[in-house]
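A short write-up of the structure that comes next.
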Amino acid sequence: MSIAEPPAASGPAAATRTAHRTCPLCEASCGLEITLRPTPDGDEVVRIRGDRDDVFSRGYICPKGSTLKQLHEDPDRLRRPLVKRDGAFFEVGWDEAFAEIERRLLPILDEHGRDACGVYVGNPNAHNLAGLLYNRALLRALGSRNVFSASTVDQRPKEISCALMFGGGLNVPVPDVDRTDHLLMLGANPFASNGSLATAPDWPGRLERLVERGGTLVVVDPRRSRTAEMASEWVPIRPGADAYLLMAMVQVITSEGLADLGRCADLVTGLDDVVAVAAPFTPELIAHATGLEADDIRRMARALAAAPTACVYGRIGTTTVEFGTLTSWLVDVLNVLTGNLDRPGGAMFATAAAGASNTRGRPRFGREVRLHRRTSRVRGLPETFGELPAVVMAEEMDTPGEGQIRALITVAGNPVLSTPNAGRLDAAVAGLECVVAVDVYVNETTRHADVILPAPSALEKAHYDVALLQLALHDTSNFSPPVLPLDPDQPTEWEVLARLALVLQGAGATADPAVVDDLMITAMVQGSVSDETSPVHGWDVEDVLDALAPRRGPERILDFLLRTGPYGDGFGADPGGLSLDHLLAHPHGVDHGALKSRLPDVLRTPDGMIALAPPILVADVARLLDGLDGRREHPFVLIGRRDLRSNNSWMHNVSVLVKGKPRCTAHLHPDDAATLGLADGDEAIVRSRVGEVRVPVEVTDAIRPGVVSIPHGWGHDLGGVQLSVASAHAGVNSNRLADETLFDPISGNAVLNGIPVEVLAAP
Ligand code: SF4
């Protein structure tokens, strides 16, 4: 079934067709209208613009959205598997590629055990239906404990704080921006990023409308970002000090009798503990650490408490810091204390149509969150949610001994650019005995691969945001079938992942991926028929599978999740309810309405309550206090930066996104530039404990003195990379400066903001 409209009967438009697709490039999930025309070689994309009828984005699109065409047509994008022989890549057929993996990787696993192979799962998997569903099978088949992902590079602290407080890593309250009166935003720049862990198209428009209707937007950020420029107030905090500010706001609100928990009052445990741990953190105590005035902190706290509705929202600048989990926790402590959790205009929980654990099973019934069940081999850093922190990857590879990582599988990830001490990791990956990548480019990491398995382009695969719609600012659902057919011989993405899983299991290079698919859906259905809250409780498994036939792959799983979800048709119980067929008949998506109050049913904690003071977080407050005493002053600290035309490391090969003045520059305050003798365009050396880069300077008063900002995801000048456009706009890799010894001890998350550095004029 296709959502493509039929060709017009006559006239110039007769040759074109229109398809609709959700953009998978960032978390905003905008609807796209794609015009195609037939050519002798198949349909060609002639235009991509915002879908004005999309129920969520209403025509909004950013400059990246239209580049799905360039990404699809990129001559550097891999269309066939590559195998490396004598140091050079050669195109091979799919059977040969899987046979090569079997030949090279399985002997390593046989000799050294499953942990000898590490896995890195990159950020694009969060936006990818097949990746989200079938990577699980891959990880299970490998059976290694050395699993890493982009989550411990950017968001694990929020996942942990929400798991502890509300009972699920994706049970994340999101700011109800469209209805709030007061938004306190920390470490986020939606004008460039379009939002994160808070899915919505057109964040800029939503913020502008908030201010236009008389609301207040307060942006806390060491940099006067574009978002801060339009805010009611910019609070130029010191990098990494958000936890101190938030703790002091808790202290003000609780000590001045301003706390009013509203509908949460009877659903909270640990309120007294929060009051007690916050008590020492007066605004005066933390003023120096934050670089803010005590009176301003009091004013901010009182304004938050007094607003008719308000929400606190923190993102990348609050999670990629040494107190990341504490900061993430305090964001929601303030939402609870001010009575703004779960009310319109406050911080609310989405009701996702498919796959959300907070819509399945018994409400207010969950398991205890068990963190730190094991530790890494070399440094003893703790596991979280089955993964080890990305900051230990290099040492687990280059430190000899029992349990050493000798091989690596990457799935849509480029850790050599995106994780700390990139120089050490680059050398470590180069020294591995076998590297297998599922990727569309020969990039800084995959150039070390022995075998690369390319996935289809975004236009060639189906899409549904299973993860991101759990974090949406408005409840919608939207499915996109493939816009273009697969290249001849190209398997679907789920087939690539399932075949790789089968090779790892020892089933052979030619095993049928349908086996994995059948096992996965059968396990899901079995779980559901025995779940008394499921609409198929008590059904025969075969009857459910028959009802899903003849679909296969992710579409079959998605149909099952939709039909058993909160808006689902319940396999006939609600004939007007949601199913994949229903979504296919609604190519602009289905609107399920504004966010709804969901307490207490949304909770999945063991006691069905909001844990306001999880013991592991309360215990970590001592470190916050110690950090205040022992806070070292550094001449400079490094922070990151996001640009609207950039998206982590992998979109720099699109010329329309990288043309114009270089974006990989170091922002420096004029006072610092004058002290260092640097002017706009001069080159600076920025040096940390682990490395140095040489980077052009942009002098700007939009940054705090003592702070230097370099965007991440650049540094495409390494030998062997096959990114012709990106290599011509290489930039520098800021992760050559990120220090793998700096991390948040609860989540293991890398510190990417607030890295001590030295800055000097380049000779
Ligand atoms: S904002 Fe994100 S989802 Fe929307 S068009 Fe841009 S890249 Fe795509």
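Just so you know, all these numbers are worked out from the coordinates, no wet-lab data involved. Computed from a predicted structure; not experimentally measured. Quick reminder, even Gly has a Cβ in these numbers, built from the backbone with ideal geometry, and neighbours come from all protein chains shown.
What to note about this one:
- Taking other C-beta atoms within 10 Å as the exposure proxy, V656, V695 rank V656, V695 from fewest upward.
- Global form of segment 1-160, assessed from the alpha-carbon gyration tensor, a/c cut-off 1.5: oblate
- In the chain, lysine pairs with alpha-carbon atoms under 23 angstrom apart (chain gap of 8 or more, or interchain): 6
- Helix-only CD estimate at 222 nm, as mean residue ellipticity for the chain, using -39500 (n - 2.57) per DSSP H run (n ≥ 4): -9000 deg cm²/dmol
- Fewest-first ranking of M524, M393, using other Cβ atoms within 10 Å as the exposure measure: M524, M393
- Extension gain, R47 back to R362 (0.36 nm per residue minus Cα-Cα distance, nm): 108.7 nm
- Taken one residue at a time, the phi angles of segment 96-102 give Karplus couplings (6.51, -1.76, 1.60, θ = phi - 60°) of 5, 5, 5, 5, 5, 4, 4 Hz. Gly and Pro are set to x.
- With bins 10 Å wide beginning at 0, the percent of Cα pairs of segment 544-601 falling in each bin runs 21, 49, 23, 6.
- Two-site label geometry, A619 and D260: point separation in nm, points 7 Å out along Cα→Cβ: 3.7 nm
- For the pair segment 245-278 and segment 125-177, the centres of their Cα atoms are 29 angstrom apart.
- Less than 5 angstrom separates the built amide H of V757 from those of F636, V637, L638, all sequence-distant by 5 or more or on a different chain.
- In segment 371-464, the GluC sites (Glu not before Pro) that fall in loop regions by DSSP, at most 12 other Cβ within 10 Å: E402
- Karplus 3J(HN,Hα) series, Hz, for segment 524-540 with 6.51 cos²θ - 1.76 cosθ + 1.60 (x for Gly, Pro): 5, 5, 4, x, 6, 5, 9, 9, 5, 8, 7, x, 9, 4, x, 6, 7
- Environment charge at R499 (Cβ cut-off 10 Å; Lys +1, Arg +1, Asp -1, Glu -1): -3
- DSSP-defined antiparallel bridges as percent of all bridges, the chain, nearest 5: 50 percent
- Amide proton proximity set for R47, modelled H, under 5 Å, gap of 5+: T35
- Local net charge near P600, Cβ-Cβ under 14 Å (Lys/Arg +1, Asp/Glu -1): +3
- Taking 20 Å as the cut-off, the amide N atoms of segment 333-374 that come nearer than this to a point 7 Å along the Cα-to-beta-carbon line of Q526 belong to 361.
- For the chain, the gyration tensor built on C-alpha atoms gives a rounded shape. Its axis ratio a/c (a ≥ b ≥ c) stays under 1.5.
- Cα centroid of segment 566-638 to Cα centroid of segment 383-400, whole Å: 27 Å
- Counted by Cβ distance under 15 Å from A619, the other residues give a net charge of -3, where Lys and Arg count +1 and Asp and Glu count -1.
- Fewest-first ordering of R367, R343 by other beta carbons within 10 Å of each residue's beta carbon gives R367, R343.
- One chain, two ends: A430 and A762. Fully extended at 0.36 nm per residue, the span grows by 116.6 nm beyond their Cα-Cα distance.
- Amide H within-cut-off set for S709, under 5 Å, with H built and near neighbours excluded: I639, H667
- Working note: Karplus 6.51/-1.76/1.60 with θ = phi - 60° gives segment 491-501 the couplings x, 5, 5, 5, 5, 4, 5, 5, 5, 4, 4 Hz, where Gly and Pro are set to x.
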